[in-house]
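K.L.:
First the structure, then my questions, so here it is.
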Amino acid sequence: MLAIQASRTGGPEVLEAIDIAVREPGPGQIRIQHEAIGLNFIDTYHRSGLYPAKMPAVLGQEGAGVVDAVGEGVTRFHVGDRAAYGTGPMGAYAEAHLVPENRAVRLPEGVSTRVAAAAMLKGMTAEFLLRRCYPLSAGEAVLIHAAAGGVGGILTQWAKAIGAVVIGAVGSSEKASIARRQGCDHVIEYRGEDVAARVKAITGGQGVRVVYDGVGAATFEASLASLGRRGMLVSFGNASGPAPAIEPGRLARGGSLFLTRPTLFDYVATNEDLDASAAALFHVIETGAVKIDIGQTFPLAEARRAHEALEGRETTGQTLLIP
C-alpha cells in the first residue's frame, strides 16, 4: 500500500512516497482502511525534529475509515464499523493503519469519515481547552490566536456556543472575514495592529480571562499582555516556533497570571477521557453548534505539497489527505 515517509528530519522535501506491506492486526489492535487522513501541525513538528521521532517514519496521528480486520481480544469494534482516531499511533499517512482499539472511537451516523478525520485531533483539542484546561463560562472574554485556522475555527464556534465574548487574532483581511463568519465578536489583524492594546480597548481596560495560543513564539508577548488579573495563558502550540522561557516573577507582575502548556494526549490518556472528549465533540458537530470547515484536500501522494501549504499559512480550516 502507499505510505508517505519522512526519510530524515528536515523540511517538506524529506517526505517521500513508499510502498509498504499491509500488516495484520495484533492482539488489541484494529486495522482501519482509511477514507481520509488529517493533516496537523504536529506532523510538521515530527518531520522537522521539533518533536523527537525515530527516522525514517511514516507520519500522521489522525485518520478515519472502516475497520477491515480486528486482532485477538478486541471488543470495542467489529469488521465494518466506521472508526476514527486523533492521537496516533504515528503512521496515519498510509492507505491503512493499525491502531490500538482503546485509541479509536466509533463514529455516530451523523458524522462522516471526512469530517471525523478533519475534526478528531483539532476538535478534541478544542474540547479540552474550553471545557477542562480553562473551563470557559458565558460572558467571559477570550482571545483566540489563528482564529481562522483549524483549531482556532473550532475554538471560536464552540466558545460562541458557550456564550463567551470572542476576540480573534488573524494574519490577513481574508482570514479576518473567515473569523467573523465563524462567530468572532471582534477581529484583530496582528500584522497591522497592536494586539494587546486592541484587547484592552475592547474589554474596557480589563483584559481577557484566557488566551488560547497555538502560535507560540510570535504571539507569546502579546498573549501575556492581553490578560486581565488572574488570567490564564494556555500555550498549546508552536506554529511559529516554541514560546520563549519565562521568569516566574513575570506572571506576578502581570497580575498573578497563570501559564500552562497542555497537550491533548494528557487529557485523553484514559479510555474514559477519550470517549467523553469524542462524544462532546460529536455532539456539537451533530447539533450544528460547530461546523467543520474542510478548507482543502490533497491526494495522499501529494503530502509534501500539503505540508508546504500548511507551513506557508496558505490553508484555512481543516486539511485532509485522501488515499
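The values are calculated or read from the model by the stated rules, or taken from the named source; none is laboratory data. Quick caveat, the model's predicted, so the values are computed rather than measured. Ideal geometry is used to build each Cβ from the backbone, glycine not excepted, and the neighbour counts take in all protein chains shown.
K.L.:
Every residue in the stretch 219-241 that is within 22 Å of residue 264 (Cβ to Cβ), of a type in the set (Gly, Ala, Ser) and out of contact with any Lys or Arg (no Cβ under 8 Å at 6 or more places or on another chain), please.
P.N.:
223, 237, 239, 240, 241
K.L.:
Quick check on residue 147: is it closer than 18 Å to residue 313 by Cβ, at pLDDT below 95 and hydrophobic (A, V, I, L, M, F, W, C)?
P.N.:
On the way: closer than 18 Å to residue 313 by Cβ: yes; at pLDDT below 95: yes; hydrophobic (A, V, I, L, M, F, W, C): yes.
Against the criterion (closer than 18 Å to residue 313 by Cβ, at pLDDT below 95 and hydrophobic (A, V, I, L, M, F, W, C)), residue 147 qualifies.
K.L.:
Taking the residues in the stretch 280-296 that are in contact with a strand residue (DSSP E or B) (Cβ under 8 Å, 6 or more places away or on another chain) and free of Cβ contacts under 8 Å to residues at least 40 places away in the same chain as candidates, determine which candidate is nearest to residue 127 (Cα to Cα).
P.N.:
For the stretch 280-296, the residue satisfying everything is 295.
K.L.:
Find all pairs meeting these conditions: Cβ atoms under 6 angstrom apart; at least six residues apart or on different chains; first residue within the stretch 245-265 and assigned by TED's automatic domain parsing to the domain that holds residue 230; second residue loosely packed, with under 13 Cβ neighbours inside 10 Å.
P.N.:
Close Cβ pairs (under 6 Å, with a partner that is loosely packed, with under 13 Cβ neighbours inside 10 Å) amount to 255/229; 256/230.
K.L.:
Output the residues belonging to the stretch 244-299 that are more than 24 Å from residue 319 (Cβ to Cβ) and of a type in the set (S, T, N, Q).
P.N.:
Matches in the stretch 244-299: 256, 260, 270, 271, 287.
K.L.:
Just give me the residues in the stretch 293-304 being surrounded by 14 or more Cβ atoms within 10 Å (Cβ to Cβ) and either modelled with pLDDT of 95 or more or within 19 Å of residue 57 (Cβ to Cβ) (or both), in sequence order.
P.N.:
Across the stretch 293-304, the qualifying residues are 297, 298, 300, 302, 303, 304.
K.L.:
Restricting the stretch 158-181 to residues that are of a type outside the set (A, V, I, L, M) and buried (at least 24 other Cβ atoms within 10 Å of the Cβ), which is farthest from residue 126 (Cα to Cα)?
P.N.:
Filtering first and then ranking leaves 168.
K.L.:
Hey, another quick one. Could you identify the single residue in 111, 74, 66 that is closer than 26 Å to residue 315 by Cα and either part of a loop (DSSP other than H, G, I, E, B) or in contact with a Ser or Thr (Cβ under 9 Å, 6 or more places away or on another chain) (or both)?
P.N.:
The match here is 111.
K.L.:
Let me ask something else. Based on what the data block shows, is residue 306 part of a loop (DSSP other than H, G, I, E, B) and small (Gly, Ala, Ser)? Full working, then the answer.
P.N.:
Details: part of a loop (DSSP other than H, G, I, E, B): no; small (Gly, Ala, Ser): yes.
For residue 306, the condition - part of a loop (DSSP other than H, G, I, E, B) and small (Gly, Ala, Ser) - is not met.
K.L.:
Continuing with this model, one more query. Looking at the stretch 265-323 only, could you name the residues that are closer than 20 Å to residue 14 by Cα and of a type in the set (Phe, Trp, Tyr)?
P.N.:
298
K.L.:
Name the single residue, out of those in the stretch 71-89 being small (Gly, Ala, Ser) and buried (at least 16 other Cβ atoms within 10 Å of the Cβ), that is nearest to residue 127 (Cα to Cα).
P.N.:
Step one: list which residues in the stretch 71-89 are small (Gly, Ala, Ser), which gives 71, 73, 80, 83-84, 86, 88.
So of that shortlist, the ones also buried (at least 16 other Cβ atoms within 10 Å of the Cβ) come out as 71, 83-84, 86, 88.
Values: 71: 30, 83: 19, 84: 16, 86: 13, 88: 18 Å.
So the residue we want is 86.
K.L.:
Of all the residues that make up the stretch 254-268, how many are under 15 Å from residue 213 (Cα atoms) and not in a loop (DSSP other than H, G, I, E, B)?
P.N.:
Residues flagged as under 15 Å from residue 213 (Cα atoms) and not in a loop (DSSP other than H, G, I, E, B) within the stretch 254-268 amount to 4.
K.L.:
Taking the stretch 1-24, which residues are assigned to a strand (DSSP E or B) and among the aliphatic types (A, V, I, L, M)?
P.N.:
Those that are assigned to a strand (DSSP E or B) and among the aliphatic types (A, V, I, L, M): 2, 3, 4, 6, 15, 17, 18.
K.L.:
What is the residue count in the stretch 38-63 for residues that are part of a strand (DSSP E or B) and either within 21 Å of residue 296 (Cα to Cα) or out of contact with any His (no Cβ under 8 Å at 6 or more places or on another chain) (or both)?
P.N.:
Final tally of qualifying residues: 3.
K.L.:
Further question: So residue 135 passes all but one of these: (1) under 24 Å from residue 38 (Cα atoms); (2) without any contact (Cβ under 8 Å) to a residue 12 or more places away in the chain. Which condition number does it fail?
P.N.:
So the condition that residue 135 fails would be (1).
Rundown of residues vs (1) more than 14 Å from residue 260 (Cβ to Cβ); (2) in contact with a strand residue (DSSP E or B) (Cβ under 8 Å, 6 or more places away or on another chain); (3) free of Cβ contacts under 8 Å to residues at least 40 places away in the same chain, yes/no style:
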position	(1), (2), (3)
191	yes, no, yes
213	no, yes, no
217	yes, no, yes
220	no, yes, yes
227	no, yes, yes
233	no, yes, yes
237	no, yes, no
